[in-house]
Amino acid sequence: MKTTKLLIVDDHRVVREGIKYILKDNDRYAFKIEEAENPLEAIARISATDYDIILMDINLNGQSGIDLTKEIIAKRPEANVLALSMHDEESKIRDMLDAGAKGYVLKNIGAEELTKAFTTILGGSSYFSNEVTQKLINPDRFDRANYEYNKGKTLITPREQEILQMISEEMTNEEIAQELGLSKRTIDSHRQKMLVKLGLKNTAGLIKFAMMNKLIDQES
């Protein structure tokens with residue numbers, strides 16, 4: 001069983017101890033767990049160690065987990081940050097995703113779902129607990145055939161719009177990664193995040209959304 005390096009970033013010791021407890025007898029991963037109780041400690045540890053998973057609380061003393069995630073991704077674009085929070089507000093979820101998190105789960109989950117989240121993220125995809133998914137997928141907003149232009153502009157980041165343009169030009173993830181100087185895994189992650197944020201099922205849906213919201217140059 002391969003050792004999985006996990007960093008828990010949370011300013012509450014009881015939370016860190018609770019996570020370590022529910023993971024101690026995990027039958028899928030052999031965890032090497034380290035902790036950080038504040039942003040400065042987290043950055044120091046991340047600078048010294050390439051963690052497989054960084055479990056990130058949103059509310060930290062001195063800096064929000066959202067801003068810390070942005071800082072981490074700037075230093076290590078391939079970092080797998082999984083938000084673990086008691087907050088299920090849509091705005092916080094989207095801010096965390098825009099910061100570069102690979103997933104978002106609530107603190108009421110158990111060991112089985114947390115392990116599933118790790119497996120999904122380490123496999124190159126994003127993971128969201130059911131409650132979070134329901135917050136992201138709002139049928140009144142996303143399931144209509146005629147999407148609203150302003151909503152599209154708000155939901156999609158400039159980087160995602162750039163990737164959407166390349167997808168519309170039938171470029172593969174490998175080609176997009178090479179063009180942008182990123183890894184294929186990062187492009188895969190961007191694509192998956194767009195699908196989840198917009199409540200869409202596949203690339204065809206992404207292209208349809210982009211065209212209806214005039215997010216891509218259809219003359220290319």
* Give the residues of segment 40-63 that are under 16 Å from the mean Cα position of the chain (by Cα) and modelled with pLDDT under 95, sorted by residue number. => D57, I58
* Asked: Do we find that L97 is within 13 Å of the chain's Cα centre (by Cα), surrounded by 13 or more Cβ atoms within 10 Å (Cβ to Cβ) and in a helix (DSSP H, G or I) in this structure?
  -> yes
* Residues satisfying the stated conditions in segment 64-94, i.e. free of Cβ contacts under 8 Å to residues at least 60 places away in the same chain, outside any helix (DSSP H, G or I) and exposed (fewer than 15 other Cβ atoms within 10 Å of the Cβ) -> M86, E89
* Residues of segment 20-33 being touching a Ser or Thr at 6+ places or on another chain (Cβ under 7 Å) and under 17 Å from M56 (Cα atoms), which ones? -> F31, K32
* To do: Specify the residue that is nearest to M96 (Cα to Cα); the eligible residues are those in segment 168-205 that are among the β-branched types (V, I, T) and buried (at least 18 other Cβ atoms within 10 Å of the Cβ).
  => V196
* In this structure, is G124 within 17 Å of the chain's Cα centre (by Cα) and at pLDDT 85 or above? -> no
* **Pair list, Cβ under 6 Å, 6 or more apart: segment 195-220 residue of a type in the set (S, T, N, Q), other residue modelled with pLDDT of 75 or more** => S220/E169
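The values are calculated or read from the model by the stated rules, or taken from the named source; none is laboratory data. Everything numeric in this text was worked out from a predicted model, so none of it was measured. Counting neighbours? That spans all protein chains shown, and the Cβs are built from the backbone with ideal geometry, glycine included.
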